[in-house]
Amino acid sequence: MKITVITGSPNRKGTTALLAEKFIEGAIEAGHDVYRFDAAFENVKPCVSCGYCATHDSQCVHKDSMSKLIDKLFESDVVVFVTPIYYFTMSAQIKAVIDRFHASNDKLSGNKKAMLFAAAYGIDDGTMEGLQKTYEAILRYLNWKDAGMLLAKGCPAREVIETTDYPKLAYEMGKSIV
Ligand SMILES: Cc1cc2nc3c(=O)[nH]c(=O)nc-3n(C[C@H](O)[C@H](O)[C@H](O)COP(=O)(O)O)c2cc1C
């Protein structure tokens, strides 16, 4: 399968980078074709709601890194979102990417699975609630099917998440995705 992994952390060696690495390791071992897009290190301008895409065959007024990502997304069977929790939801870096789906909603809609990987320092029930609800709403809107979530609570830093089962679970989710 073709898998696109979109990460949203500005920490190259952070908690969610480790989850992404482990997931990708498992997915590649299982024979999948993985494309990784690190939103924090790409040039992705926020949607400005100009309406240009509506009158220009889904082309965006911005010419930036989304041009290479969007073609990968069209051909992907699975889209994997990997993000730290920032103020109870996904980071701005990954949200900017998702907002830019707007230009291509019709073409992106249907026939895909999605996965969600996240890490946060919080441990209470509400820590991931905002993110999970947003993720589920995006999937409903795009008519994508959830293929799994890994929500790593109590993980403020790399050295903490390394002591948990989460990296291994991420690897197994990559290895077992069908
Ligand atoms: C701007 C900012 C906002 C954050 N907001 C939350 C939050 O609302 N809840 C929480 O549990 N952790 C919060 N955190 C902690 C991060 O989610 C946590 O440290 C995560 O492991 C960072 O992932 P990374 O190492 O991949 O960047 C926040 C961190 C930052 C920098």
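Values in this text are rule-based calculations from the coordinates and carry no lab data. Everything numeric here is computed off the predicted structure, so don't read it as measured data. Cβ sites come from the backbone with ideal geometry, for glycine too, and all protein chains shown count toward neighbours.
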Original post:
Looking at segment 1-16, which of its residues are touching a residue at least 40 places away in the same chain (Cβ under 8 Å) and either under 12 Å from the mean Cα position of the chain (by Cα) or closer than 16 Å to Glu159 by Cα (or both)?
Top reply: Ile3, Thr4, Val5, Ile6, Thr7, Gly8, Ser9, Asn11, Lys13, Gly14, Thr15, Thr16
Original post:
Name the residues in segment 25-46 that are touching a residue at least 40 places away in the same chain (Cβ under 8 Å) and under 21 Å from Ala120 (Cβ atoms), would you?
Top reply: Ala39, Ala40
Original post:
Restricting attention to segment 47-79, which residues are part of a loop (DSSP other than H, G, I, E, B), farther than 19 Å from Ile6 by Cβ, without any contact (Cβ under 8 Å) to a residue 24 or more places away in the chain and not small (Gly, Ala, Ser)?
Top reply: Val48, Cys50, His56, Asp57, Val61, Lys63
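Report whether or not Ala114 is under 13 Å from the mean Cα position of the chain (by Cα) and not in a helix (DSSP H, G or I).
Working: under 13 Å from the mean Cα position of the chain (by Cα): yes; not in a helix (DSSP H, G or I): yes.
Yes: the conditions hold for Ala114.
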Original post:
Scanning for something charged (D, E, K, R), within 16 Å of the ligand (Cβ to nearest atom), under 20 Å from Ala20 (Cα atoms) and not in a helix (DSSP H, G or I), does segment 155-170 turn up at least one residue?
Top reply: yes
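Kindly establish whether Ile94 is without any contact (Cβ under 8 Å) to a residue 40 or more places away in the chain, assigned to a helix (DSSP H, G or I) and among the β-branched types (Val, Ile, Thr). Step through it out loud before you land on a result.
Working: without any contact (Cβ under 8 Å) to a residue 40 or more places away in the chain: no; assigned to a helix (DSSP H, G or I): yes; among the β-branched types (Val, Ile, Thr): yes.
No; evaluated as a whole, the condition is false for this residue.
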